[in-house]
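Here the structure is laid out as structure tokens; the discussion comes afterwards.
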Amino acid sequence: MLPKERVITALLGKEVDRIPVTAVCQTVTVEQMRAINIFWPSGHKNPEEMAKLAEAAYRVTGLETAKIPFDQTIEAEAMGCKIHLSERIEEIPHVKSTPYTSVEEIEIPDDLLERGRIPVLLEAVKILKKEVGDKLPVIGTVVAPFTLSTLLMGIIEYYKAMRMNPDKAKSFSQIATEICIILGNALVDAGVDIVKIEDMGASTDVISPKLFEEFAKGPLVEVFKKIPGIKVLHICGDVNPIISAVMETGTTGISIDQKTDIKTAKKILKDKTTIIGNIDPVKILWEGPVDKIKEESIKAIETGVDLLAPGCSIAPLTPNKHIEAMVEVAKTYKR
Ligand SMILES: [Zn+2]
């Protein structure tokens, strides 16, 4: 099987020749950048460079993925937020400031898809499709409505709105929902194989299951209904307290980190939703050593992940040989 077929088949819960080893969150490392001589921040702004950096995860370390973008600020930037695109090559962009201070003053511009770096992202998808589309799964990410609301309004302001003015907070996140649907469909039209929806702000580390149910779940259900094709949801932290809600979104796969107990998740998800994960990206994958990475990778496979992957974004300073150790386990593991 080629990596693309292997990843998609496993995501759909069907039989594969061996477990895929992939990444659906950030994949770029400094060593990969040096290997292909393309660097951030330019790789965030130039479609050819973005495509080459996405491919590097496979070409340099063997991860079966071509995933873009590398940051979570593209939607916020297109909506007028100021973004910090650091000149330091190991730093991931973040939102510096936002024009929105209340739940009322937001409108989606007609030319949303022409704003900021959205054209760069969509062009990079087309390049990947042409260059590696037969071989690698092209994965495009959108930020989920709840998380996007906290980026657009600022976490503290949005939390305040949830408490003081829940209806307004919900109507704000309805706008974020529409943005998410517009970008998700544009990614599908540009040719992605998998749309990944990222709700790092809706983690149970940050909000209670009750708030998740009230503010994050409804918009997610709508997004999953209105973006066609294969989808993967990523939520950081322990997903088990909200796992029934996750299933109700209808996601094809759930990407989870080391805080989620795989056996418990598996029991609830059965074969309805596949599991991608869950190697600790910092304490294991970045810090190593190689033997520990191999041990944890075997453990993840044996406890039931369907696709072996880092639990969250790969830290840019992660050594290639650490990622290669995880890849090697997937390639050599015999059930
Ligand atoms: Zn995460």
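Before moving on, here are some points about what is shown:
- Candidate aspartates and glutamates for bridging to LYS52, where Cα separation is under 20 Å - those fewer than 8 sequence places away on the same chain excluded: GLU31, GLU64, ASP71, GLU87, GLU90, GLU91, GLU123, GLU131, ASP134, ASP193, GLU324
- Amide N of the stretch 304-335 lying under 15 Å from the label point, which is placed 7 angstrom from the Cα of LYS294 along Cα→Cβ: 321-334
- Residues CYS180, CYS236 ordered from highest to lowest accessible area at a 1.4 Å probe: CYS236, CYS180.
- Distance distribution note for the stretch 3-332: the fraction of Cα pairs above 25 angstrom is 47%.
- In nm, spacing of pseudo-spin labels at ARG18 and LYS96 (7 Å Cα→C-beta vector): 4.6 nm
- Extension gain, TYR333 to GLU248: 0.36 nm times the residue separation minus the Cα-Cα distance gives 27.3 nm.
- Taking each of LYS283/LYS331; LYS196/LYS331; LYS259/LYS299; LYS14/LYS267 in turn, the alpha-carbon distance tops 20 angstrom for LYS283/LYS331; LYS196/LYS331.
- Whether the stretch 102-151 is rounded, prolate or oblate, judged on the alpha carbon gyration tensor where a/c under 1.5 counts as rounded: oblate
- Taking packing as the residue-averaged number of other Cβ atoms within 10 angstrom, the listed peptides 99-112, 265-278 run from highest to lowest as 265-278, 99-112.
- Fully extended contour minus Cα-Cα distance, from ARG34 to ARG59, at 0.36 nm per residue: 7.7 nm
- The chain, dipole about Cα centre (Lys/Arg Cβ +1, Asp/Glu Cβ -1), debye to the nearest 20: 820 debye
- Label point of ARG88 set 7 angstrom out along Cα-Cβ; within the stretch 305-323, amide nitrogens under 13 Å from it belong to 316-317.
The values are calculated or read from the model by the stated rules, or taken from the named source; none is laboratory data. These numbers were taken from a predicted model, which means no experiment stands behind them. Every residue, glycine among them, receives a Cβ derived from its backbone with ideal geometry; neighbour counts consider all protein chains shown. We work out accessible area using only protein heavy atoms, side chains counted, and drop any ligands, DNA or RNA first. Shrake-Rupley method; radii C 1.70, N 1.55, O 1.52, S 1.80 Å.
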